[in-house]
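Okay, structure first, notes after.
The values are calculated or read from the model by the stated rules, or taken from the named source; none is laboratory data. Only a predicted model underlies this, so the values are computations on that prediction, with no experimental measurement involved. Every residue, glycine among them, receives a Cβ derived from its backbone with ideal geometry; neighbour counts consider all protein chains shown. Just the protein is used for accessible areas: all its heavy atoms, side chains included, with ligands, DNA and RNA removed. Shrake-Rupley method; radii C 1.70, N 1.55, O 1.52, S 1.80 Å.
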Amino acid sequence: MARLLAAHALLADGWAERVAIDIAADGNITEVTVGATDEEAEYLPGHLVPGMIDLHSHAFQRAMAGLAQDRPPGRADFWSWRQRMYGLATTLGPEDLWAIAAALYIDLLKGGYTTVVEFHYLHGSPEGGSYEDPAVMSLALHEAAQEAGIALTLAPVWYARAGIDEEEPSPAQRRFIRPLDGYGEILARVERLFRDDRDRRIAAAVHSLRAVPPERLADFLAEVDRRDPQAPLHIHVAEQPREVEACLAAYGARPVELLADRVDLGPRWCLVHATHVEERERARIATSGAVAGLCPTTEADLGDGLFPFAEYWHQRGIWGVGSDANLFTAAAEELRLLEYGQRLQRGRRLIATRTEEPHCGAALYRAALAGGARAAGRPVGRIAPGFRADLVHLDGDHPLLAGRAGDAVLDTLVFAGGAGGFVRDVMVGGLWRVRGGFHADEERAREGLAAVVRRLQT
Ligand SMILES: [Zn+2]
């Protein structure tokens, strides 16, 4: 049992002063008291907010952050980037993945994320065969999360075929592709491992309708529901115009329509990169309660396009953000670019606001907490009894925050915070993982990542 006393805390119904937070040994918040005077509690002088949820990450891609910015032969687009990414994907073993992910997860914590959702498809060996333990790459992510102390929702990805029109998998895809029973084995192994761990959650994913034929979705769902009928379900849905065209040509429907016709689209689903949607598809996502998984920095880097966020916001659709290819590791960067994309396109400011939510950064932050928690399938995103003690303590000594109060603090965090800019301390499941801007294992983790990056150059 621990007790914190926050000078200012963001609660579900707004900011409050002198907030005592009781945390049980299992890492859950048991009681929240406003206006407390407890002298025994650990005092936090800055602003305390729920940690952000990173709803979409491919940890391994961190090793190529900053690369693939040089001209390929031919057109430079998502597909040429994918070739570079495949090159990386064929070189990494479990130890490499562990080292990359451990360093990344520490950076994510320092960037204000307390949960990461891994959309994980590097299942087989680099040559494409099976490891003796088919879940060894999944376990590497779990162990990296343990090292960093970040909470993890792991979504093993089912990847059934090379693409809609492609017969032969590329060498990299061979390690992604598993038969459904092989995929089920990975799910089962991870589900057993996570069962009693409150900082872990099993989810499941289909890579895309490119990689999983729509007629196999029912089999996939049966395989998942057999193990956990509540597991969150993730998919890359409409990232590129070319995949929308291929989907239309093969099935006579756009991907979001096709998915919504085939499954019970609802709060269990997270539709990542719902970038290329028509009005009726956007409305279908918004009314279903599914989460739109938006990854603004990666979508910008890949030239994916802009999700119609202003309309979706107006429809009160649920959404959250993901660091995806992990070029950036601060939650504020994703929220800011999401809003800025709309401002640049529309020639006006403050898109993500409403009469009752006039502060843009605060409105973005609150909405992304709610959507992220849904996509992660965990009791997070709120400072309230029954929720995890996943908390971010902002630096009260920072000159920009010193005199500010209430939602202006979140506006400052989102629009003026860089990588770790205002993040001082980070707690996950009742344990401090970042203190004073530092993580105890960061030096070791950075050396591990550097060794992998160096090896990849040679
Ligand atoms: Zn992705």
Which one of Ala145, Ser130, Pro156 is farthest out on the positive end of the charge dipole of the stretch 127-168, using unit charges on Cβ (Lys, Arg +1; Asp, Glu -1) and the Cα centre as origin? Ala145
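Would you mind putting 31-42, 436-447, 231-242, 51-62 in packing order, based on average other-beta-carbon counts within 10 Å, highest first?
51-62, 231-242, 436-447, 31-42
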Modelled label-to-label distance, Ala451 and Thr91, 7 Å Cα→beta-carbon offset: nm? 1.7 nm
Could you please state how large a percent of the accessible area of the stretch 384-458 is carbon and sulfur, counting protein chains only and using a 1.4 Å probe? 54 percent
Going 7 Å from the Cα of Ala405 in the Cα-to-Cβ direction, what parts of the stretch 41-67 have a backbone nitrogen less than 19 Å from that spot? 44-49
Mean ellipticity per residue at 222 nm, deg cm²/dmol - from DSSP H runs of n ≥ 4 across the chain, formula -39500 (n - 2.57): -11500 deg cm²/dmol
The stretch 4-50, accessible surface, carbon-and-sulfur percent (1.4 angstrom probe): 49 percent
What is the list of residues in the stretch 238-270 whose amide nitrogen lies under 12 Å from a point 7 angstrom out from the Cα of Ala218, following Cα to Cβ? 262-263
For Arg84 and Glu40, compute 0.36 nm times the residue count separating them, minus their Cα-Cα distance, and round to one decimal in nm. 10.4 nm
Quick one: helix 360-376 against the long Cα principal axis of the chain, what's the angle to the nearest 10°, folded into 0 to 90? 60 degrees
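For the stretch 52-376, which whole percent of the accessible surface, found with a 1.4 angstrom probe, sits on carbon and sulfur atoms?
Numbers: 5650 of 11690 Å².
Using a 1.4 Å probe with all protein chains present, the stretch 52-376 comes out at 48 percent carbon and sulfur.
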Cα-based helix-to-principal-axis angle, 136-148 vs the chain, degrees rounded to 10: 20 degrees
Centre separation in Å (Cα based) which lies between the stretch 304-373 and the stretch 169-224: 29 Å
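How large is the accessible surface per residue of the chain, computed with a 1.4 Å probe and reported in Å² as a whole number?
39 Å²
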Which whole-number percent of Cα pairs in the stretch 52-376 have a distance greater than 35 Å? 13 percent
Protection proxy ranking, peptides 165-171, 181-187, average beta carbon neighbours within 10 Å, highest first: 181-187, 165-171
Multiplying the sequence separation of Ala249 and Arg348 by 0.36 nm and subtracting their Cα-Cα distance, what value in nm do you get? 31.9 nm
Using only Cα atoms and rounding to the nearest 10 degrees, what angle (0 to 90) does helix 241-251 make with the longest principal axis of the chain? 50 degrees
Hey, got the dipole for the stretch 52-376? About the Cα centre, +1 on K and R Cβ, -1 on D and E Cβ, debye to the nearest 20? 860 debye
